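The values are calculated or read from the model by the stated rules, or taken from the named source; none is laboratory data. Remember, it's a predicted structure, so these values are computed and weren't measured experimentally. So basically every Cβ, Gly included, is an ideal-geometry build from the backbone, and we count neighbours across all protein chains shown.
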Amino acid sequence: MQPDPSHWRSKESYNYLEGLPPEGLAWEFLRRNTNYQRDYNTHKTERRLRDRAELTKRWGMQFLADPRNSALDEHVYWSPKVNPAVLVITRTPDIFESKMPLDVPNHLTRKSAGHLNAVSVIGDLPFNIIFAARTRPHEPCAAVLPLDDDCLSRIEALIRFWSALHGRSLPPDTRLTSQQRRRIRLMMQALDGRSEGATYREIADAIYGATRVAIDAWKTSPLRDSTIALVRDGKAMAEGEYRQLLKHRRRR
């Protein structure tokens, strides 16, 4: 079970990447990982909790998702350890007077050991939520924000969620710049081309255009170096660096 990369020569086939959040882009790389595909085929039923915990640690997901499905068709439940934008919700402590529950449709939730995973859709925007043990959406809720290295990212995610919940203007998701998004699209196309057995020259022709590529001798062409870098970085993303798409790159 794996994605179909046969359309790699068509730039238009990757248009859908432009509107994906970082979670969707991370999934697009992960589903191209052959080891993940093998794990999915072997453990897709996730019957044993020990197996599930191991798979969560290995891939950063609460549940395995079908690699044949794109981010448009498959919702991925990421672990909050990997994705700071996943909000952990618990019951509001008694010292507060908040009475606001969360209305999450049952068909958007999945149960796992100790907690309830949920996708809360507000308007057209999905938000990833995990309800802590003994917490339910109909109760007054509070967010858990660990004071770790990702705390600022979790706060930004909470502000976006709170704004959507109250009908406010939604702050932008700042995890990826437009330049990073453009390169991610090229990396995906280059990675698919390579997986189909294409040469670097063929990949460069598809990405940059054959006329432009032919201007310089191929062995010394800067486009050759750029194409090799796109394939290299695309492979690195699929092999684990997709996790970096979920977080801000902050200076220490």
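Taking the options ILE184, ILE129, name whichever one is at pLDDT below 95, outside any loop (DSSP other than H, G, I, E, B) and either farther than 30 Å from PRO101 by Cβ or touching a strand residue (DSSP E or B) at 6+ places or on another chain (Cβ under 6 Å) (or both). Before the answer, list the steps.
Details: ILE184 fails: at pLDDT below 95.
None of the others qualify; the one that does is ILE129.
Tell me yes or no: at least one residue of region 227-241 is surrounded by 19 or more Cβ atoms within 10 Å (Cβ to Cβ), part of a helix (DSSP H, G or I) and basic (Lys, Arg).
Scanning region 227-241, I find no residue that is surrounded by 19 or more Cβ atoms within 10 Å (Cβ to Cβ), part of a helix (DSSP H, G or I) and basic (Lys, Arg), so the answer is no.
Which one is nearest to the chain's Cα centre (by Cα), of the residues in region 105-133 that are of a type outside the set (Val, Ile, Thr) and over 18 Å from GLN62 (Cα atoms)? Steps first, answer last, please.
We begin by selecting, within region 105-133, every residue of a type outside the set (Val, Ile, Thr); these are 105-108, 110-118, 120, 123-128, 131-133.
When the remaining residues are screened for being over 18 Å from GLN62 (Cα atoms), the result is 105, 123-125.
Numbers: PRO105: 22, GLY123: 20, ASP124: 17, LEU125: 15 Å.
The residue in question is LEU125.
Within region 213-228, can one find any residue that is within 22 Å of the chain's Cα centre (by Cα) and on the phi < 0 side of the Ramachandran plot?
At the first step, the residues of region 213-228 found to be within 22 Å of the chain's Cα centre (by Cα) are none.
Looking for residues that are within 22 Å of the chain's Cα centre (by Cα) and on the phi < 0 side of the Ramachandran plot, one finds none in region 213-228, hence no.
So, of the residues in region 1-24 that are touching a Lys or Arg at 6+ places or on another chain (Cβ under 8 Å) and either surrounded by 15 or more Cβ atoms within 10 Å (Cβ to Cβ) or in the same structural domain as ALA206 (by TED's automatic domain parsing) (or both), which turns out to be farthest from SER178 (Cα to Cα)?
GLN2
Taking region 72-99 as the search range and keeping residues that are closer than 13 Å to LEU246 by Cβ and of a type in the set (Gly, Ala, Ser), which one is surrounded by the most Cβ atoms within 10 Å (Cβ to Cβ)?
Ranking the qualifying residues of region 72-99, first place goes to ALA85.
Do we have ARG175 as surrounded by fewer than 20 Cβ atoms within 10 Å (Cβ to Cβ) and out of contact with any Asp or Glu (no Cβ under 6 Å at 6 or more places or on another chain) here? If you could, list the steps in order and put the result at the bottom.
Values: surrounded by fewer than 20 Cβ atoms within 10 Å (Cβ to Cβ): no; out of contact with any Asp or Glu (no Cβ under 6 Å at 6 or more places or on another chain): yes.
Criteria not met by ARG175.
When residues of region 52-71 are filtered for being exposed (fewer than 15 other Cβ atoms within 10 Å of the Cβ) and at pLDDT below 85, how many remain?
2
Checking ARG160 against (1) basic (Lys, Arg); (2) within 30 Å of VAL119 (Cα to Cα); (3) assigned to a helix (DSSP H, G or I); (4) in contact with a helix residue (DSSP H, G or I) (Cβ under 9 Å, 6 or more places away or on another chain), which single condition isn't satisfied?
All conditions are met except number (4).
Test of understanding: among ARG168, ARG194, which residue is surrounded by fewer than 12 Cβ atoms within 10 Å (Cβ to Cβ) and more than 20 Å from the chain's Cα centre (by Cα)? Give the steps one after another, and end with the answer.
Details: ARG194 fails: surrounded by fewer than 12 Cβ atoms within 10 Å (Cβ to Cβ).
Answer to the check: ARG168.
What is the residue count in region 198-215 for residues that are outside any helix (DSSP H, G or I) and either buried (at least 17 other Cβ atoms within 10 Å of the Cβ) or touching a helix residue (DSSP H, G or I) at 6+ places or on another chain (Cβ under 7 Å) (or both)? Give the derivation first.
Within region 198-215, the subset outside any helix (DSSP H, G or I) is 198-199, 209, 214-215.
Then drop every residue that is not either buried (at least 17 other Cβ atoms within 10 Å of the Cβ) or touching a helix residue (DSSP H, G or I) at 6+ places or on another chain (Cβ under 7 Å) (or both), which leaves 198.
Count: 1.
Would region 197-209 turn up any residue that is free of Cβ contacts under 8 Å to residues at least 12 places away in the same chain, among the polar types (S, T, N, Q) and either over 24 Å from GLU23 (Cβ atoms) or outside the structural domain of SER120 (by TED's automatic domain parsing) (or both)?
Looking only at region 197-209, we keep the residues that are free of Cβ contacts under 8 Å to residues at least 12 places away in the same chain, and these are 197, 199, 202, 205, 209.
Of the ones still in play, those that are also among the polar types (S, T, N, Q) are 199.
Next, only the ones that are either over 24 Å from GLU23 (Cβ atoms) or outside the structural domain of SER120 (by TED's automatic domain parsing) (or both) stay: 199.
Yes, region 197-209 contains at least one residue that is free of Cβ contacts under 8 Å to residues at least 12 places away in the same chain, among the polar types (S, T, N, Q) and either over 24 Å from GLU23 (Cβ atoms) or outside the structural domain of SER120 (by TED's automatic domain parsing) (or both).
Report yes if some residue within region 139-153 is touching an Asp or Glu at 6+ places or on another chain (Cβ under 8 Å) and closer than 19 Å to PRO21 by Cβ; otherwise report no. Please lay out each step first, then the result.
Quick first cut of region 139-153, residues touching an Asp or Glu at 6+ places or on another chain (Cβ under 8 Å) only: none.
No.
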